[in-house]
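Here's the structure we're looking at; comments come further down.
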Amino acid sequence: MDRVEYFNDMLVRLEELLYQELSGCAAWKVELVGVDFIQSKKIEGKTENEIIERCIREITGNGLVKEMTFSIGGKGVLLNLKMKDCVHLPKEARLKKEGITPFICPIANMILDQLIEKLGYETTYLAKLDIDGKTKECRVKCAIYETTDKIGTVSDWAREEL
Amino acid sequence: MDDILEVLRTRKSIRRYKPDPIPDEIIDKVLEAARWAPTGENYQPWRLIVIRDPKTKEKIGNLAKLGSGSRMTAWYCLGEMQRRFEEIQDPVRRAEVLRFMYSGEVSEFAKQAPVVIAVIGTLMEGSVDVPYDLSACIENILLEAHSLGLGACWVHGPVASTRDAAKFKKILKIPTGMGEYKVIAYVALGWPAEARKHPRPKKPLEEIVYWEEFGRKERG
């Protein structure tokens, strides 16, 4: 039995159910999905770069994503993530096929969780999740707010693709 | 029995309030209305926390600003907010409105409301309809408040994310276990300091009503 396929199939059912029940705000409810894995890894670091790099090392090292890069822009508020061959890609592809824009990214949630838990970031928000089934790539845009006064820090994120 | 259609038609979300306090007997009437909302199998899962302490309202207002601002800043940076408000022709006015939104200031108004009512539901008594029952409860609050001359606003955004909902629970000392209570929203209440100049347009019935089956527009 393919265990990854089995768990992804269950996630698809749960994700479509959440969307059916809550529509757009379902995406706001799922920020803790995936965090248990990374919380078990004792990530340490003093800067966001250190935290993110160490999360990526655990994520790729454990085979959840094959390749993963990141950049920080948008005056420090935008976290761009690019992933190739994520273990959850079949989930995203199936949801897209069923007409639901995927909104749960456990991998991004892991990194956002560690910014909050380890560096005391005030809040974060997974803003955009683009999946390309052909290239097997995901591009994720997250807002990361170190302090409350970072709220309202705006720029054009379209100019800052990774 | 009185037809309440005019109450329904004239209600709007009020976000600016006079500082005047709301007498207890008025608050009690609003709470009584909440109690009579429809509820599946009469479970009545709602619990209502009436907040008048300025320090608590300040915390709630700050949380609301953080929740809305964190999302709207991102939506602005992605160009979504600009599309939403493109009908505002004056660029200066549009920029002002957008800044008001993405700064989160749009959601801070709990601080100025004389009363905030947190609407939560117990998940421990077997009710299978908690979010729906709570929504009906909130609607009763809004309608009774409006009929008494109060202004009110149903605010969900600040408790919409899992982490923000947990923060909200901590502010009000609500048990934080995911199997204990659901926080669905709060309602800000006060004497209105703004009037309804332009009712927001509503979709005509022809657009939203089908007869007998989905998509059938003829009454038959």
_Positions within segment B:147-185 being among the aromatic types (F, W, Y) and surrounded by fewer than 20 Cβ atoms within 10 Å (Cβ to Cβ), in sequence order_ = B:W154
*Identify all residues within segment B:94-136 that are crowded, with 18+ Cβ neighbours inside 10 Å, touching a residue at least 40 places away in the same chain (Cβ under 8 Å) and part of a loop (DSSP other than H, G, I, E, B); write none if there are none.*
B:G104, B:A113, B:P114, B:S127
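Please go through segment B:15-47 and give me each residue that is of a type outside the set (D, E, K, R), part of a helix (DSSP H, G or I) and either touching a Cys at 6+ places or on another chain (Cβ under 8 Å) or within 25 Å of B:A195 (Cα to Cα) (or both), ordered by number.
First pass over segment B:15-47, keeping only residues of a type outside the set (D, E, K, R): B:17, B:19, B:21-23, B:26-27, B:30-31, B:33-34, B:36-40, B:42-46.
Restricting the remaining residues to those that are part of a helix (DSSP H, G or I) gives B:26-27, B:30-31, B:33-34, B:40, B:42.
Answer for segment B:15-47, where residues must be of a type outside the set (D, E, K, R), part of a helix (DSSP H, G or I) and either touching a Cys at 6+ places or on another chain (Cβ under 8 Å) or within 25 Å of B:A195 (Cα to Cα) (or both): B:I26, B:I27, B:V30, B:L31, B:A33, B:A34.
Here is a list: A:C142, A:C138. Which entry is more than 28 Å from B:A165 (Cα to Cα) and modelled with pLDDT of 95 or more?
A:C138
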_Boolean, B:K170 is under 29 Å from B:S70 (Cβ atoms) and assigned to a helix (DSSP H, G or I)_ = yes
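Taking segment B:94-149 as the search range and keeping residues that are acidic (D, E) and closer than 23 Å to B:P175 by Cα, which one is farthest from the chain's Cα centre (by Cα)?
Keep residues of segment B:94-149 that are acidic (D, E), which gives B:96, B:105, B:108, B:125, B:129, B:133, B:139, B:144.
So of that shortlist, the ones also closer than 23 Å to B:P175 by Cα come out as B:125, B:129, B:133.
Working: B:E125: 25, B:D129: 19, B:D133: 15 Å.
Restricting to residues being acidic (D, E) and closer than 23 Å to B:P175 by Cα, the top hit is B:E125.
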*Any residue at all in segment A:16-35 that is aromatic (F, W, Y) and within 14 Å of chain B (Cβ to nearest Cβ)?*
yes
_A:S71 vs. criteria surrounded by fewer than 17 Cβ atoms within 10 Å (Cβ to Cβ), within 14 Å of chain B (Cβ to nearest Cβ) and within 30 Å of A:V154 (Cα to Cα)_ = no
*asked:* I need every pair where a residue in segment A:135-162 that is more than 10 Å from every other protein chain (Cβ to nearest Cβ) and within 12 Å of A:G76 (Cα to Cα) has its Cβ under 9 Å from the Cβ of a residue that is of a type outside the set (D, E, K, R) and surrounded by 15 or more Cβ atoms within 10 Å (Cβ to Cβ), sequence separation at least 6 or different chains.
replied: A:E146/A:V77; A:E146/A:L115; A:E146/A:L119; A:E146/A:Y121; A:T147/A:Y121
*Among the residues of segment A:34-56, write down those that are within 19 Å of A:L126 (Cβ to Cβ) and surrounded by fewer than 18 Cβ atoms within 10 Å (Cβ to Cβ).*
A:D36, A:F37, A:Q39
*Inside segment A:118-129, can you point out the residues that are more than 11 Å from chain B (Cβ to nearest Cβ) and either in contact with a Ser or Thr (Cβ under 8 Å, 6 or more places away or on another chain) or not small (G, A, S) (or both)?*
A:K118, A:L119, A:L129
*Answer yes or no: is there a residue in segment A:86-100 that is aliphatic (A, V, I, L, M), crowded, with 19+ Cβ neighbours inside 10 Å, over 15 Å from A:L11 (Cβ atoms) and under 17 Å from the mean Cα position of the chain (by Cα).*
no
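Picking from A:Y6, A:Y19, which residue would you name as being of a type outside the set (D, E), touching a residue at least 40 places away in the same chain (Cβ under 8 Å) and assigned to a helix (DSSP H, G or I)? Let's see the steps before the verdict.
Working: A:Y6 fails: touching a residue at least 40 places away in the same chain (Cβ under 8 Å).
Result of the check over A:Y6, A:Y19: A:Y19.
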*asked:* Could you tell me how many of the residues in segment B:48-93 are without any contact (Cβ under 8 Å) to a residue 12 or more places away in the chain, within 14 Å of chain A (Cβ to nearest Cβ) and part of a helix (DSSP H, G or I)?
replied: 5
*Restricting the first residue to segment B:10-26 and requiring it to be on the phi > 0 side of the Ramachandran plot, which pairs with a second residue that is surrounded by 13 or more Cβ atoms within 10 Å (Cβ to Cβ) meet a Cβ separation below 6 Å and a spacing of at least six or different chains?*
none
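The values are calculated or read from the model by the stated rules, or taken from the named source; none is laboratory data. Quick caveat: nothing in here was measured; it's all calculated off a predicted structure. So basically every Cβ, Gly included, is an ideal-geometry build from the backbone, and we count neighbours across all protein chains shown.
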